[in-house]
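J.: Structure in structure tokens, see below.
The values are calculated or read from the model by the stated rules, or taken from the named source; none is laboratory data. Quick caveat, the model's predicted, so the values are computed rather than measured. Virtual Cβ from ideal backbone geometry, glycine too; neighbours counted across all protein chains shown. Protein only, heavy atoms only, side chains kept; ligands, DNA and RNA dropped before computing areas. Shrake-Rupley method; radii C 1.70, N 1.55, O 1.52, S 1.80 Å.
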Amino acid sequence: MDTELDRLDRVRARIAAACLAAGRDPAGVRLLAVSKKQPAELIRRFFEAGQPAFGENRLQEAMVKQDQLAGLEIEWHFIGPVQSNKTRELAERFQWVQSVDREKTLRRLSDHRPSDLPPLNICLQVNIDREPQKAGLDPNDVQALAQQARGLPGVRLRGLMAIPRFTDDKASIRDSFQRMRILYDALKESDQSLDTLSLGMSGDLELAVEEGSTLVRVGTDLLGPRPS
Ligand SMILES: *Cc1c(COP(=O)(O)O)cnc(C)c1O
């Protein structure tokens, strides 16, 4: 049986190998453990094995686990669809929200962020392949929303996140990642404090690292298959 540390080491080794191939410093790529649908006990074991950051995509499910794990210094990232009537809980309970794609959400997250906490870290989610059913901003609207984020005291814009079109075609995924990189670099020209390009999951983390990702979000290949 693999231990949590074995699995962490294996994913870290994949990230390190991809960095080496791309001539990048592995310290420039963070690992987010995506724990959606996984039990709190598994999160605890990975945390104790040295993984500090976990991602959840449903607020109700996340809140139950956060309460079960209260006392552990976990860095919680929200990576799912944001309903604007849930922004208070998100602003109070998470350190990051990576899936912001509307001005209304942004404003409410800022308003609800408790004043004794540092500003909430934000990524704007981009619908990079302009898929009709998918969340995320149109690539053309990124600059404007980023500008609005800069005026809000309760949030700190860190960068961009995307989930490319689902396909086995590596060239297509790489192309999506490259277009994200161009958007990110353009945004950085007006805001050098940006440091996060959130791209890559279990199946494509190497490609993402080659194309400049600074944060990979890994569920299945780290925590195992999700219970159905
Ligand atoms: C589920 C999920 C992931 C992780 O997917 P795996 O293929 O299990 O690694 C990453 N990002 C988001 C936004 C997700 O919803």
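J.: Residues of region 62-80 being free of Cβ contacts under 8 Å to residues at least 40 places away in the same chain, under 21 Å from GLN125 (Cα atoms) and open to solvent by 10 Å² or more (accessible area, probe 1.4 Å), which ones?
T.: The answer is GLU75, TRP76.
J.: More than 15 Å from the ligand (Cβ to nearest atom), under 19 Å from ASN57 (Cβ atoms), of a type in the set (D, E, K, R) and outside any loop (DSSP other than H, G, I, E, B): does that describe ARG107?
T.: no
J.: Same structure again: Could you grab the pairs with beta carbons closer than 6 Å, sequence gap of 6+ or different chains, first residue in region 208-228 and within 21 Å of ASP9 (Cβ to Cβ), second one open to solvent by 10 Å² or more (accessible area, probe 1.4 Å) and charged (D, E, K, R)?
T.: Hits for this filter: LEU215/ARG30; LEU222/ARG7.
J.: Could you say whether any residue in region 180-187 is basic (Lys, Arg) and either assigned to a loop (DSSP other than H, G, I, E, B) or surrounded by fewer than 22 Cβ atoms within 10 Å (Cβ to Cβ) (or both)?
T.: Within region 180-187, one or more residues are basic (Lys, Arg) and either assigned to a loop (DSSP other than H, G, I, E, B) or surrounded by fewer than 22 Cβ atoms within 10 Å (Cβ to Cβ) (or both).
J.: Right, another one. Only one of these conditions is not met by ARG217: (1) charged (D, E, K, R); (2) away from the ligand (no atom under 12 Å from the Cβ); (3) closer than 30 Å to PRO39 by Cα. Which number is it?
T.: Every condition holds for ARG217 apart from (2).
J.: Right, next: Which residues, taken from region 203-223, are open to solvent by 20 Å² or more (accessible area, probe 1.4 Å) and either within 13 Å of the chain's Cα centre (by Cα) or more than 16 Å from ARG174 (Cβ to Cβ) (or both)?
T.: Hits for region 203-223 are THR214, THR220, ASP221.
J.: While we're here: Go over the candidates ALA40, ALA49 one by one and state the one that is over 16 Å from ARG10 (Cα atoms), open to solvent by 10 Å² or more (accessible area, probe 1.4 Å), in contact with a helix residue (DSSP H, G or I) (Cβ under 9 Å, 6 or more places away or on another chain) and of a type outside the set (D, E, K, R).
T.: Step by step, each of ALA40, ALA49 is checked, and only ALA40 is over 16 Å from ARG10 (Cα atoms), open to solvent by 10 Å² or more (accessible area, probe 1.4 Å), in contact with a helix residue (DSSP H, G or I) (Cβ under 9 Å, 6 or more places away or on another chain) and of a type outside the set (D, E, K, R).
J.: Does SER35 fit the bill of being surrounded by fewer than 21 Cβ atoms within 10 Å (Cβ to Cβ) and of a type in the set (Ser, Thr, Tyr)?
T.: No: the conditions fail for SER35.
J.: If a residue must be small (Gly, Ala, Ser), over 15 Å from GLY50 (Cβ atoms) and in contact with a helix residue (DSSP H, G or I) (Cβ under 6 Å, 6 or more places away or on another chain), how many such residues does region 17-34 contain?
T.: 2
J.: Could you please let me know if GLN192 is open to solvent by 30 Å² or more (accessible area, probe 1.4 Å), at negative phi and assigned to a loop (DSSP other than H, G, I, E, B)?
T.: Yes: the conditions hold for GLN192.
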